[in-house]
Amino acid sequence: MEDVLVRRAVTVVGIARCRARVVGRRQRLRVRLHVRLQPDVTRAVVLPALTAVVPRAEAATAPRTVHTRVRFSHRPHRVPHVR
């Protein structure tokens, strides 16, 4: 399930990398996504498309509920070094 979530998340425009961690309990799954954004992309742009990925995971694990946490990080443009 982790691999499927990562593959679907990386297809979203503006996401450079993604890592997923799924921890299972009896009736609840915890999904943690660590999303690295491309430079000059804001969370507000990526979040609507990323929230479309999570319901597919919920449908696949029908009797269990899914609790998802998303952590965003980004790497700003490097400032040119002037000598």
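The values are calculated or read from the model by the stated rules, or taken from the named source; none is laboratory data. The structure presented is a predicted model; accordingly, all values stated were derived computationally and were not measured. Here Cβ is always computed from backbone atoms with ideal geometry, including for glycine, and neighbour counts include all displayed protein chains.
Below is a table of values for the structure above.
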| quantity | calculated |
| --- | --- |
| Residue 21 being in a strand (DSSP E or B), under 14 Å from residue 68 (Cα atoms) and in contact with a helix residue (DSSP H, G or I) (Cβ under 9 Å, 6 or more places away or on another chain) | yes |
| Residue list for the stretch 1-15, restricted to those being part of a loop (DSSP other than H, G, I, E, B) and over 15 Å from residue 41 (Cα atoms) | 1 |
| Long-range neighbours under 6 Å by Cβ, at least six apart or interchain, first residue at positive phi within the stretch 1-19, second polar (S, T, N, Q) | 14/38 |
| Of all residues in the stretch 1-24 being under 12 Å from residue 54 (Cα atoms) and small (Gly, Ala, Ser), the one that is nearest to the chain's Cα centre (by Cα) | 9 |
| Of all residues in the stretch 46-77 being surrounded by fewer than 14 Cβ atoms within 10 Å (Cβ to Cβ) and at pLDDT 90 or above, the one that is farthest from residue 1 (Cα to Cα) | 73 |
